[in-house]
Structures are given as C-alpha cells and as structure tokens.
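Data block below; observations after.
The values are calculated or read from the model by the stated rules, or taken from the named source; none is laboratory data. What you are looking at is a predicted structure, and each value in this text was computed from that prediction instead of being measured. Neighbour counts are summed over all protein chains in view; Cβ atoms, including those assigned to glycine, are modelled from backbone coordinates with ideal geometry. Accessible surface is based on the protein model in full, side chains and every heavy atom, while ligands, DNA and RNA are left aside. Shrake-Rupley method; radii C 1.70, N 1.55, O 1.52, S 1.80 Å.
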Amino acid sequence: MFKLLKLIHQGNWPLVLGLLALGIFISWLVSSSEERAKHEDSTPTPRGPTESANDTLLGAFQQDPAELPPPTQGLAALGKWKAALVLLAAGPMLALGVAMVIHRDDGGQLHVVAVSSNPEQDVWLWVDQARAVPTLHVSQHLAFPVSSGRHVVALRDAAMNESQRFIIDIRAGDNLLLSVHPDLCAVQIDMSTLTYGRPTRSTPTLMGGVDVRTLPVEARFIDPTVPVDIPRDTWLSFQEMPDALEPGRTAGLLTPLPCSLAQDDRSTWAAVRKLHPGINDAALRVGYTEEDPTRREVTAMDNGQLLELFQRQRP
C-alpha cells in the first residue's frame, strides 16, 4: 500500500490503476475457479436407472426428485454477465498498467562538474524554474534526475561570474554533462594506461599489427552551450572510476578545461597534465613523452612513417 501511495504521489496514477485492475482480475479468476471446483464437487454423480414402480421403459429411467441437481442455468448466465462486466471494466486499465510497466520512462540525468569547492551549496540548477536536488555527489560531480521531455534549464556555480541557460529534450536514459560557464569546455582523457597499466602502444594503425603510443586525448567538446552526451565507460571524477578494468573495456575521464586550452589535442594534453598533477605523474611513470603524436597525426601518417614511429617507441 505504501508503494502505491508513493506512485500516486509521483504522478504515476495510471500505473496504480492498472495494477489495481490487474489485482481485481486475478482475484476474480481465483474466485471463479474456486466456485467451479466447489460446484463440481457438490454435483451428484449420475447413476444408472433406479428401481421402477412399474415395468414401463419410461418408469425405468425415473429419478428421485431429491437427487436432481438444482437448476443452474440462470446463475451461470449471471456469472457470465459478471465476468463480462469485470473484463470490460478491467481490460483497458489492465492493458494500460502492463504498458506502463513495460514502457516505464524514468527520464534521464543532468551532470555538473563544479568549480566551486562546496558544490552542494554553491551550485544551483533550475529545471523549468523549479530548483533541482542532486541525487549524486562525488567530489566535484553532481547528478540531477530530470523527467523526459523538453525543459528550460538554468545553471549557476557561485565560483563563476556567469550563468548558463539550456533548452534540452530529455529522453529515457540520457546522461548529459552541462558546462557551468560559457568559456568552460570539456575534454575526454583515456585513462586505460594511466590508471590501469594497459600498454601505452595500444592505438591501432592502418598497418595490421603495428600499434603505437599516442597522446591519450580521446575527444574535445568545444561548444559549452551544447550538453555533452557522456560517452560509455567514461567517468566524471577519479573517485568514481572502477578498481579494475574488465577485459575489452576502456576507462575515460571527462573533465572541464578552459576552451582556450582545448583547441587542439597537444595543448589539451599539456593543460590536463598541469591541471591534474596525478595524471602528470602517471604519464611520466608509464613513458609518455613530448614527442608522442596525437591520434589525428597518426591517421595522416603513411606506412614508412608508422614503421619509423613504431621502431622509435620500442622500449
């Protein structure tokens, strides 16, 4: 009952009605089954001819009136009408309830990486002029649940001097990162080698079997007015990253960066190493150098250049 009240409070009254209709329908089926079983048990088993008062054929098949079952035709008809009415009333609600359960839409989430040192107090997010409450807070990362549909979203971080405004169409399962400032972009760094020890020469090339080491900048999102669809296997804080990687999986870090420093992969990598000293230490430990090419540079190399790079990067 508490769960039903909670669903009603959340505005899911069609789902509640459907579930109630389903309960009524199941209850009716059980009741009808029990009545049928009871009727079958109480009906006398047909017997052969009773002893006749005369020798006529008609008299030979006469039964004692007390042994005849009571007439049930009227009751059966009434039961059929009752069943029809129950099905007529419960059918649409049952279908609606099942559809709501199957296609239940829990909306999506809006994510923020705060600049402020106290995100829960200094970051404000309004959805359609209503203050949103975060359901996740890990380090600088906040997550806000939002229902599906079009919304006007306003965001402000007390550490920044400007607010951001977005018009967003939320679909079920969306996870979108919002920038807290018009001059703050986002970059995605491949952490598979830096954190989990995957070999640095793990970028495949057009030459089969020739993998090289490239700077671990996977993507740059340089329009802060556009929400970023958070890529798979990507986290927004170091604390959220898994302890170990499953075979075949990768790990990325999506982090804010001033847009002026995110214009190309090489300047981005230098800025990220400066912003996160732990990443710089890991880069030195696993062997990244200033001479390593970007992924875009590798795609432009011919076979001779790829072989030369492959030989130069050998330990």
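Structure values in brief
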| item | result |
| --- | --- |
| Gain on full stretching of the segment that runs from T289 to Q129 - 0.36 nm per residue minus C-alpha separation | 52.7 nm |
| 12 Å reach of a label modelled at E240, 7 Å along Cα-to-Cβ, counting backbone N of segment 129-158 | 135-145 |
| Under Karplus coefficients 6.51, -1.76 and 1.60, residue-wise ³J(HN,Hα) of segment 129-138 in Hz, glycine/proline x | 6, 10, 5, 8, 10, x, 9, 9, 9, 10 |
| Spacing of the two label points (7 Å from each Cα toward its C-beta) at D106 and R198, in nm | 2.8 nm |
| Over segment 183-314 - Rg/Rh using Cα atoms and the Kirkwood inverse-distance radius | 0.96 |
| Among 158-167, 256-265, the order from most to least packed when residues are scored by Cβ within 10 Å on average | 256-265, 158-167 |
| In nm, spacing of pseudo-spin labels at D233 and T299 (7 Å Cα→C-beta vector) | 1.9 nm |
| F310, F144, F221, F238, ranked by accessible area, largest first (probe 1.4 Å) | F238, F221, F310, F144 |
| Residue-level accessible surface for T225, protein heavy atoms, 1.4 Å, Å² | 90 Å² |
| Placed amide H near E218: partners under 5 Å, 5+ positions off or other chain | Q188, I189, D190 |
| Separation of the N118 and A154 label points, Cα + 7 Å toward Cβ, nm | 2.2 nm |
| Net +/- balance of residues flanking V226 in space, Cβ distance below 15 Å, scoring K and R +1, D and E -1 | -3 |
| Largest to smallest accessible area among V133, V152, V187 [probe 1.4 Å] | V133, V152, V187 |
